[in-house]
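Data first, discussion second: the structure below is written as structure tokens.
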Amino acid sequence: MASTATVAAPHSLAAAHPEPRGLWSWITTVDHKRIGILYGATAFFFFLVGGLEALLIRVQLAVPNNNFVSADLYNQLFTVHALTMIFGALMPLTAALFNYMVPLQIGARDVAFPRLNALSYWIYLFGVLFFNTGMLLKLGPNSGWFAYAPITTKQFSPGLNMDFYVLGLQILGLSSILASLNFIVTIVNMRAPGMRLMRMPIFTWMTLITNVLIVTAMAVFTIAVTELMFDRVFGSAFYDINKGADPLLWQHLFWMFGHPEVYILILPIMGMVSEVIPTFSRKPLFGYNVMVFSGVLIGWLGWGVWSHHMFATGMGPIADSFFSLSTMLIAIPTGIKIFNWLGTLWGGSIRFTTAMLFSLAFLAMFTIGGISGVMHAAAPSDLQQTDTYFVVAHIHYVFFGGTVLGLWSGIYYWYPKVFGRLLSERAGQVHFWLTLVGMNITFFPMHFLGMLGMPRRIFTYADNMGFNEMNALISAGSFILALGTLVFAINLALSWKFGRRAGANPWGASTLEWSIPSPPPVYNFAVIPIVHSRMPLWEGDAAKSSGIPHGRVEEETEQVTLMGRKVGEVADPESDVNVMSPHQDIHLPPPSYWPIVLAAGISMIFIGLLFRNVGGAAHNLWFMTPAGALLTVVAIYAWAFEPGHSHEH
């Protein structure tokens, strides 16, 4: 059977498609790899911003009766910290890897809509800058990332703080929806010949599921936040209880987005870990088919658990019972994934690289977060823990122990492919141990603080509550965590210039992105590869190929065994459709400045609304809205008549 091998770029191709240089080339780029780097650099910067906000919170809470920051600024800090981390850092960091890796993993030259991809990035950048401008002006959102209405309507939150929330999140939400539609179309339509659905790398599978979740969940949140914007800016009454609004309407709409958001942030990580563990165990992933369908099931069940965030609102025993059961059910596919990763490790020839260490830490830390999540599934237990620091501990074991550790694993794994150089393993080990120790000192005591009754989101506490020692310990741990992140940032910067050069496949991995040079040429593949199995680069390796199924029957049929004996088979659906032809000329879209112009116009429409209800000279800035609308129309018109691609043979 033919194998997919590394293909050096022919000199004529490299000459015909040189790497563009200069700042203007980055502003006008539509190359998925460059857009991935832009997403990654911007998101990592805002990860540091969110981390700085967290440090300020911990300084304030380090001792009782502290007045390091005011109560109002504290409210802004914990709100903007959450929003910056979720929408400004973690989601875009996963989007960075979607952008860079998915087209390479499926054997494509770019995403389906390259200019739309650039538009998504610029809208994200303008949105996150606008959002954080509020914080710099000490007018940041101050009602928690959930922004419960009617508390956040104009009547109860009269300042501009929540205007930054509703307008900023609409800009960011638009970016997410556009990017997700692009990824879905790319994965469904642009796979290399032979790459059936059940041959796709697990990271690409989890990307597909995640982006379906983003499109559907963001739609619900967009409705909710648009209604809140109309209430605040135009005086409508969607959340006005005096005019008949349901006081729980916002909570239902928000958590229908908010809980799938957890899986939006964790499913890509499950995909990354599923690439790292087999590579460094030097054996195929155990139970590929089950891993795929457990990911689908997590995405599906994620839509039926939102009201476990609302047990304390008094929904009644039937609703409480339903959402308790559905929340417990989601532990099943999650547990399946944990056992499959352990099954992959079992009997493997394990290499403890930094990427592998972060993946192993992810398994342990995310499991702790999952177990405390099951505690929240039981309504009586949840009622005791609601609005205490126990919830803060749980969410950070999921988001930091799960999403962040997994992201660091993915970055150590794919950094050589992106920049052609290896990150320092020595600095990586320092980063790993500081992070693991720091996060457990920071977040684990929060479980006990919560059980002792310390409420979350409080500005300070009295010194006779029994909270002093653990708060001091937590604050010390947060600085260890910050030190680890500083080591990571230095490692990223120095390795980019001085790191050891990486070949095409420094880890001996199995998927298509490792078949081309590091970093990849602008056209990715000189010839579109033809795929014969799930692990094309391991086909010729006798030590690993025995675990790779070949052919439709083996790949798309899951054998059910009991006590080692086959008792049945489950056939997976037909999937050999919509793949690319290998006989393609190289079509690369030309650079374009219209995506950034259009993003500026769209952002101006929303930003101008901020000034509609402001007095004084600033009120005149409201005309940014019609000016932005005009710029948007002009940009769309010019975009529509711009040539779509260059044509080189």
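Assorted remarks:
- Of everything listed in (1) β-branched (Val, Ile, Thr); (2) assigned to a helix (DSSP H, G or I); (3) crowded, with 23+ Cβ neighbours inside 10 Å, the single unmet condition for residue 133 is (3).
Listed here are the residues, each with its yes/no results for (1) farther than 17 Å from residue 390 by Cβ; (2) polar (S, T, N, Q).
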{"position": "403", "(1), (2)": "yes, yes"}
{"position": "406", "(1), (2)": "yes, no"}
{"position": "417", "(1), (2)": "yes, no"}
{"position": "432", "(1), (2)": "yes, no"}
{"position": "438", "(1), (2)": "yes, no"}
{"position": "443", "(1), (2)": "no, no"}
{"position": "447", "(1), (2)": "no, no"}
{"position": "453", "(1), (2)": "no, no"}
{"position": "457", "(1), (2)": "no, no"}
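- The residues on offer are 59, 69, 80, and the sole one that is in a helix (DSSP H, G or I), open to solvent by 10 Å² or more (accessible area, probe 1.4 Å) and over 20 Å from residue 401 (Cα atoms) is 59.
- Applying the criterion of being aliphatic (A, V, I, L, M) and part of a loop (DSSP other than H, G, I, E, B) to the residues of the range 522-543, the residue that is surrounded by the fewest Cβ atoms within 10 Å (Cβ to Cβ) is 527.
- Condition met for residue 227 (surrounded by 18 or more Cβ atoms within 10 Å (Cβ to Cβ) and over 26 Å from residue 93 (Cα atoms)): yes
- Selection within the range 600-618 - surrounded by fewer than 21 Cβ atoms within 10 Å (Cβ to Cβ) and in a loop (DSSP other than H, G, I, E, B): 611, 612, 613, 614, 615, 616
- Every residue from the range 299-324 that is under 27 Å from the mean Cα position of the chain (by Cα) and open to solvent by 40 Å² or more (accessible area, probe 1.4 Å): 300, 303, 306, 309
- Search result, residues across the range 237-277 that are in contact with a Ser or Thr (Cβ under 8 Å, 6 or more places away or on another chain) and either of a type in the set (S, T, N, Q) or at positive phi (or both): 251
- Pairs are defined by a Cβ separation below 8 Å, a sequence spacing of at least 6 or placement on different chains, a first member in the range 369-386 that is free of Cβ contacts under 8 Å to residues at least 12 places away in the same chain and part of a helix (DSSP H, G or I), and a second member that is among the aliphatic types (A, V, I, L, M) and open to solvent by 20 Å² or more (accessible area, probe 1.4 Å); the pairs so defined are 381/375.
- Restricting attention to the range 337-360, the residues that are under 22 Å from the mean Cα position of the chain (by Cα) and either open to solvent by 10 Å² or more (accessible area, probe 1.4 Å) or more than 29 Å from residue 438 (Cβ to Cβ) (or both) add up to 3.
- Some residue of the range 449-458 being within 27 Å of the chain's Cα centre (by Cα) and farther than 22 Å from residue 275 by Cα: yes
- Residue within the range 231-241 that is of a type outside the set (A, V, I, L, M, F, W, C), touching a residue at least 60 places away in the same chain (Cβ under 8 Å), part of a helix (DSSP H, G or I) and in the same structural domain as residue 284 (by the TED database) present: yes
- Tallying residues that are in contact with a His (Cβ under 8 Å, 6 or more places away or on another chain) and closer than 18 Å to residue 455 by Cα within the range 376-388 yields 3.
- Filter result for residue 296 (surrounded by fewer than 21 Cβ atoms within 10 Å (Cβ to Cβ) and either at pLDDT below 95 or over 21 Å from residue 365 (Cα atoms) (or both)): yes
- Meets criteria (touching a residue at least 24 places away in the same chain (Cβ under 8 Å), assigned to a helix (DSSP H, G or I) and farther than 28 Å from residue 477 by Cβ) for residue 93: no
- Residue in the range 207-215 that is on the phi < 0 side of the Ramachandran plot and open to solvent by 40 Å² or more (accessible area, probe 1.4 Å) present: yes
- Qualifying residue in the range 277-284 (condition: part of a helix (DSSP H, G or I) and within 24 Å of residue 262 (Cβ to Cβ)): yes
- Being outside any loop (DSSP other than H, G, I, E, B) and exposed (fewer than 14 other Cβ atoms within 10 Å of the Cβ) is a description that applies to residue 626.
- Test: residue in the range 40-52 that is farther than 29 Å from residue 275 by Cβ and aliphatic (A, V, I, L, M): yes
- Number of positions in the range 594-632 that are without any contact (Cβ under 8 Å) to a residue 12 or more places away in the chain and of a type in the set (A, V, I, L, M, F, W, C): 2
- Looking across the range 154-170 at every residue that is surrounded by 23 or more Cβ atoms within 10 Å (Cβ to Cβ) and not aromatic (Phe, Trp, Tyr), the one that is nearest to residue 224 (Cα to Cα) is identified as 166.
- Residue 104 vs. criteria assigned to a helix (DSSP H, G or I), closer than 27 Å to residue 524 by Cβ, open to solvent by 10 Å² or more (accessible area, probe 1.4 Å) and out of contact with any Leu (no Cβ under 6 Å at 6 or more places or on another chain): no
- Taking every residue in the range 439-464 that is assigned by the TED database to the domain that holds residue 53 and pairing it with any residue that is surrounded by fewer than 19 Cβ atoms within 10 Å (Cβ to Cβ) and part of a helix (DSSP H, G or I), at least 6 positions away or on another chain, the pairs with Cβ-Cβ distances below 6 Å are 445/470; 445/473; 449/470; 459/71.
- In summary, residue 219 fulfils each of the numbered conditions (1) modelled with pLDDT under 95; (2) open to solvent by less than 20 Å² (accessible area, probe 1.4 Å) with the single exception of condition (2).
The values are calculated or read from the model by the stated rules, or taken from the named source; none is laboratory data. Quick caveat: nothing in here was measured; it's all calculated off a predicted structure. With ideal geometry, Cβ positions are generated from the backbone for all residues, glycine too; neighbour counts draw on all protein chains shown. These area figures cover heavy atoms from the full protein model, side chains too; ligands, DNA and RNA do not enter into them. Shrake-Rupley method; radii C 1.70, N 1.55, O 1.52, S 1.80 Å.
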